[in-house]
1. State the percentage of accessible surface on region 56-98 attributable to carbon and sulfur atoms; use a 1.4 Å probe and exclude ligands, DNA and RNA.
2. Which whole-number percent gives the relative contact order of region 37-187, counting Cα pairs below 8 Å spaced six or more residues apart?
3. What is the packing order of peptides 174-183, 110-119, 52-61, taking the mean over residues of other C-beta atoms within 10 Å and listing the highest first?
4. When you count, for each residue, the other Cβ atoms within 10 Å and take the mean per peptide, how do 40-51, 154-165 rank with the highest first?
5. Given axes a ≥ b ≥ c from the Cα gyration tensor, I'd like to know whether region 43-83 is rounded (a/c under 1.5), prolate (a/b larger than b/c) or oblate.
6. So with the 1.4 Å probe, I'd like the accessible area per residue for region 128-176, rounded to whole Å².
Amino acid sequence: MLRSNFITGVLLIVMVLLGGCTSRRVQATRSGNDQKNMDTKNRLSFLALGDSYTIGESVGESERWPVQLTRMLRENNVNIGEPRIIAKTGWTTDELSAAIGQENPQGPFDLVSLLIGVNNQYRGRDEEGYRLQFIVLLQRAITFAGGKPSHVIVLSIPDWGVTPFAEGRDRAMIGTQIDKFNAINARES
């Protein structure tokens, strides 16, 4: 239920953000085969940047949140292509930045998402270093979105302290640290 609510919330945000892209939103025909009937030339593009939460560690590709979001957008007659995902389990902000440099995605993208930081917290990295690296990533995301900040969504870092993986650890401390990193995200965004 929580995952469904998360995806639905992101869907609503993205629908609002992409509302300005109406020339590339295409109504599907009544044949029931929405994907084939959407104009491939005018598809919206989506770049998802992040870590294990973006790539979907331990879940199938169809369960990754960017893939689920894309599917839901299509179900709502938004003509969007497959998401380009640059993410890997364990990445910190500096590792994501290096991977972006290696991947060299060519924009502009109609939508860019950024979800990063859990591994900075997990590895005990400091807040100021995170803030500085997050700002760089956010600026890169805006550049990938054609200089349109309104086409970038920053997702908050989920609190892994409430998961079974945190068994035997200080869950309250994890939550407090994640909250501090998310406050940085909110302030800088």
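1. Numbers: 800 of 1870 Å².
In region 56-98, the share of accessible area belonging to carbon and sulfur is 43 percent.
2. On the way: 222 pairs, mean separation 35.0, N = 151.
Relative CO of region 37-187 lands at 23 percent.
3. Values: 174-183: 16.9, 110-119: 25.2, 52-61: 15.1.
Packing order, densest peptide first, comes out as 110-119, 174-183, 52-61.
4. On the way: 40-51: 19.9, 154-165: 15.6.
Ranking the peptides 40-51, 154-165 by packing returns 40-51, 154-165.
5. Details: a/c = 3.21, a/b = 1.73, b/c = 1.85.
Verdict is oblate for region 43-83.
6. Working: 2630 Å² over 49 residues.
Result: 54 Å² of accessible area for each residue.
The values are calculated or read from the model by the stated rules, or taken from the named source; none is laboratory data. Worth saying up front: this structure is predicted, and the values here are computed from it rather than measured. A quick note on method: Cβ atoms are made from the backbone with ideal geometry, for glycine too, and the neighbour counts reach across all protein chains shown. We work out accessible area using only protein heavy atoms, side chains counted, and drop any ligands, DNA or RNA first. Shrake-Rupley method; radii C 1.70, N 1.55, O 1.52, S 1.80 Å.
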